[in-house]
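Data first, discussion second: the structure below is written as structure tokens.
The values are calculated or read from the model by the stated rules, or taken from the named source; none is laboratory data. Please read all numbers here as calculations on a predicted model, not as lab measurements. With ideal geometry, Cβ positions are generated from the backbone for all residues, glycine too; neighbour counts draw on all protein chains shown. Ligands, DNA and RNA are excluded from the accessible area calculation, which covers all protein heavy atoms including side chains. Shrake-Rupley method; radii C 1.70, N 1.55, O 1.52, S 1.80 Å.
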Amino acid sequence: MSAWQALTRSRGLYARVGESAPSTETVQTEGHPVVALVGRPNVGKSTFVAQLTGRYEEAANVPGTTVGAIRRQVRVGGHDAVLVDLPGSHSLTDRSDGLPPFWQLLLHARPDAVLAIVDAGDLSLHLPLVLACRDLGLPIIVAANLADEAAAHGIELDLGRLSQLLAAPVHRTVGRHGTGVRAALADAIRLAETQRDSPPGDGRPMTSIPPYRPDLVRSVGALAARLRGGESVDELDPALRSALATGTVSALAAATIASADRLEPERWALATRWAAQVENHAGARRTRADRIGRVVTSPRFGLPLFAFATLGALWLTMTVGSAMATLLTTGWSTYVSPVVTAAIRTLLPVPMVSATLLWAFDSGLLSMLAVGIPFVLTFYLVIAALEDSGYLASTAVLSDRIFNALGLPGRAAIPLLAATGCNVPAIYATRVLHSRRERLLASFLVSLTPCSASSAVVVAALAPYVGVGAALGAFAVIAVVAIAAGLGANTILPGRQSPLVLELPPLRLPVPRQVAAKAWHRFRAFVTTATPVMLGGSLVVGALYETGAIGTIETALAPVSTGLLGLPPVAGIALALAVLRKELALQLLLTLAIAQFGFGARSLLSFMTAGQLFVFAVVTGLSVPCVATFGALVGEFGWRRAGAVSGATLATALGAGAIVARLVGAA
Amino acid sequence: MAKSELAAQEWTLASVPVGDLVDVIHVPAEAPEALLSHGIRPGVRLVVDGDAPFGGPRIVRLGGCRVAIARHLTRTIRVARVPRSPSEPCSADLR
């Protein structure tokens, strides 16, 4: 066993006060040794995992991409191990909304060793977390990552000296290119295996103790002794107390975590001193990425670039999406639809049953191909490229003031941009926000944002019949209503907005393989979630229509559709059933109108006025979240809050519809 | 302005001009933890890198890392301006 293994296998920082090693070091998990990946946000942990597992979908150049602990089995140099990718963290007590504090995630992963990833160009910022893991007594291996960017900035590290100071091996790595990644992990696995094989409590006296203040070291040691003696310590956090009771953390680790406030300044001071000792700033210089990074957030160029990037992203999505949609729908109608129709009619000769099934397996799948697949896939590719370049964080800074008025930090730009593609991933993307209040506010705005499906309805209902100007006008009304509703929600919801403190990642050229893998991964998740909902929704609509039950619903909805919104009764049904499939709003409206008024109703203007179409478009654009979005809301916030957000969205849509109806003379 | 005058005057991170090199003197206890965890602590040296439009966040450079901080938060952070000396280049400044 090498010197550092002996050291890190020992009893951690407080060895000299007679504490035993933390239980987390010695508790064995079934099977392979466990290596936890630890580091600050955006240091490249997920890229490490991607290099080792070939899964690129979770890596992004956005701080806070990993939102939970992800376990993966890896095999390096003939040795198997479980790799736990933990969310980026600044300290042991750091916590993301909805997640336990970092120490809990780390220790519950039961790591046998920690692979700590630091930025080779910014050690003073990254070493405190490494020191914190070390203070818990966890065996560590350090990867000095982003070494290429550090070198471009004229920074070289004395890795030998750093290894001496930390009493841990240090590897030079470039995660994006895979340089040094396998060697670092192989070392970590070896250390983890050694750790597993050693009996509990085995350890040698610590020879290199970080020079924290002796009184602090003694005080933490004394607290640990009290905890070990079973003494009840009032100031201990309840989560820590229960972790101590269940043996997830040792008395030593608990005392270390409980003393975080006093230990952190010591760690930061030490990190600054050590960084100064090992960093060689020969010819420090600005790189081109630095200069561009400053330009994209500058007042003069930042906003025009932001507008250009946003409009460019939407234009690209629309252009590529439309082309793909035409191709797919033509292919479906020409080659697949006749076969599916013939097959269903032959297999199920009962007309009502076969017609109901065709709603799902012909028109249902066709609408997936017309809206869901082309627009969402293109949008995911564009967003993945923007994420990978590091530009998304800059948009958060540029739009911070705008979102502040809505009670949100600029980070909210990320989910809202995603919402114009599909609301479902946008609800998940609200995890980039820190508090539950911000997440709820952002989710409300996301629900009010027209997704690609409802945007398609707005355009298709207005552009051909009333004009392009009317379609743009409807979007403007939707934007004004959404902003007003956001302002209202910010006033009503108790609590305050957290001020923005955001690290801006360096700008990089997106890696095509990473972009494609990430977009594909999210797209696959979208298709597997949305397809069953679309098929199920279509079956319900089909059954209601084919059995004639739809007439009863029409009567029930008349007070709202006709009384409040001034629309013909069929439009009320189309709006209500759009909960199942948003793009169905228009398709249903036409189908139901044809059924009711005959083939003369092929043009929407034959049974609705221009004003009524405008109201219909605005309500559809704002409308209730679809079933899939509601599902995402329930998953993220629970039934009660999901109901509140959906209810508020519905009330806003109907309220706005009623006002617009009166303004345009439709009601 | 003389070096001693620069240091003696009371500055906040919001009031120093863009491009300045500053030492953080005081971060209020009620400041969000995110500030401390991003390394904005007493004793560190920063470069004021720029401002976002419409009174948006102020961007500072700390070592190789750029951090955007809400403007009203920067008003609570006390700093001392560090006189620039061409003969003593600061790595944080150059990067």
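Hey, can you find the accessible area per residue of the protein assembly as shown for me, probe 1.4 Å, expressed in square angstrom?
39 Å²
Got a number for the accessible area of A:ASP215? Probe 1.4 Å, square angstrom, nearest 10.
Only protein atoms counted, so the area is about 70 Å².
How large is the helix-only mean residue ellipticity at 222 nm for the protein assembly as shown, computed as the sum of -39500 (n - 2.57) over DSSP H runs with n ≥ 4, divided by its residue count, in deg cm²/dmol to the nearest 500?
-16500 deg cm²/dmol
Relative to the first principal axis of the alpha-carbon coordinates of chain A, what is the inclination of helix A:627-637, with its axis defined by its Cα atoms, in degrees from 0 to 90 and to the nearest 10?
30 degrees
Of A:THR194, A:LEU377, A:HIS153, whose Cα points farthest to the positive end of the dipole of the protein assembly as shown (charges on the beta-carbon: +1 Lys, Arg; -1 Asp, Glu; origin at the Cα centre)?
So the residue we want is A:HIS153.
Which shape class, rounded, prolate or oblate, goes with region A:342-451 when its Cα gyration tensor gives a ≥ b ≥ c as root eigenvalues, a/c under 1.5 marks rounded, and past that a/b bigger than b/c marks prolate?
prolate
Can you check what the net charge comes to around A:HIS177, using other residues whose Cβ is under 15 Å from the Cβ of A:HIS177 (Lys, Arg +1; Asp, Glu -1)?
Working: positive: A:ARG172, A:ARG176, A:ARG182, A:ARG508, A:ARG513; negative: A:ASP148, A:GLU149, A:ASP388.
Once all neighbours under 15 Å are counted, the net charge is +2.
Quick one: if the Förster radius is 60 Å, what FRET efficiency do A:ARG196 and A:LEU509 give, using the C-beta to C-beta distance and rounding to 0.05?
That gives a FRET efficiency of 0.90.
Mind checking the angle between helix A:123-135 and chain A's longest principal axis? C-alpha axes, 0 to 90 degrees, to the nearest 10.
70 degrees
Where a ≥ b ≥ c are the square roots of the eigenvalues of the C-alpha gyration tensor, would you call region A:519-578 rounded, which needs a/c under 1.5, or, failing that, prolate if a/b is larger than b/c, or oblate?
oblate
Could you tell me the total accessible area buried at the B-A interface, probe 1.4 Å, in square angstrom to the nearest hundred? Display every interim value, and only then the final one.
Numbers: alone 5500 and 26990 Å², together 29680 Å².
In total, chains B and A hide about 2800 Å² from solvent.
Provide the FRET efficiency to the nearest 0.05 for the A:ARG524-A:ALA276 pair, computing r from the beta carbons and using R0 = 56 Å. Numbers along the way, then the final one.
On the way: r = 47 Å, r/R0 = 0.85.
In this case the efficiency is close to 0.75.
Taking only C-alpha pairs under 8 Å that are 6+ residues apart, what is the relative contact order of region B:31-85 in percent?
It comes to 22 percent, rounded to a whole number.
Give me the percent of the accessible area of the protein assembly as shown that comes from carbon and sulfur atoms, probe 1.4 Å, all protein chains in place. Spell out each step's value before the answer.
Details: 18840 of 29680 Å².
Using a 1.4 Å probe with all protein chains present, the protein assembly as shown comes out at 63 percent carbon and sulfur.
Determine which residues of region A:129-173 fall in the zone a paramagnetic label at A:ARG291 would reach in this model, i.e. backbone nitrogen under 14 Å from the point 7 Å along Cα→Cβ.
In region A:129-173, the label zone of A:ARG291 (backbone N under 14 Å from the point 7 Å along Cα→Cβ) covers no residue.
Among rounded, prolate and oblate, which fits region A:392-531 when a ≥ b ≥ c are the square roots of the eigenvalues of its C-alpha gyration tensor, a/c under 1.5 means rounded, and a/b larger than b/c means prolate?
In terms of gyration-tensor shape, oblate.
Expressed as an acute angle from 0 to 90° and rounded to the nearest 10, what is the orientation of the C-alpha long axis of helix A:181-197 relative to the principal long axis of chain A?
Its long axis makes an angle of about 60 degrees.
Rounded to the nearest 0.05, what FRET efficiency do A:TYR335 and A:THR531 give with R0 = 25 Å and r taken as the Cβ-Cβ distance? Could you check?
Here the calculated transfer efficiency is 0.80.
In nm, to one decimal, how far is the modelled label at B:PHE54 from the one at A:ALA342, with both set 7 Å along Cα→Cβ?
Result for the modelled spin labels: 5.9 nm.
Which whole-number percent gives the relative contact order of chain A, counting Cα pairs below 8 Å spaced six or more residues apart? Intermediate results must be reported in sequence, preceding the final value.
Values: 1123 pairs, mean separation 89.4, N = 667.
Here the relative contact order equals 13 percent.
Before anything else, pin down the relative contact order of region A:614-664: Cα pairs under 8 Å, at least 6 apart, normalised by residue count, whole percent.
Values: 34 pairs, mean separation 27.3, N = 51.
Relative contact order for region A:614-664 comes out at 54 percent.
Which three extents, in angstrom, do the Cα atoms of chain A have along their principal axes, listed largest first?
90, 57, 51
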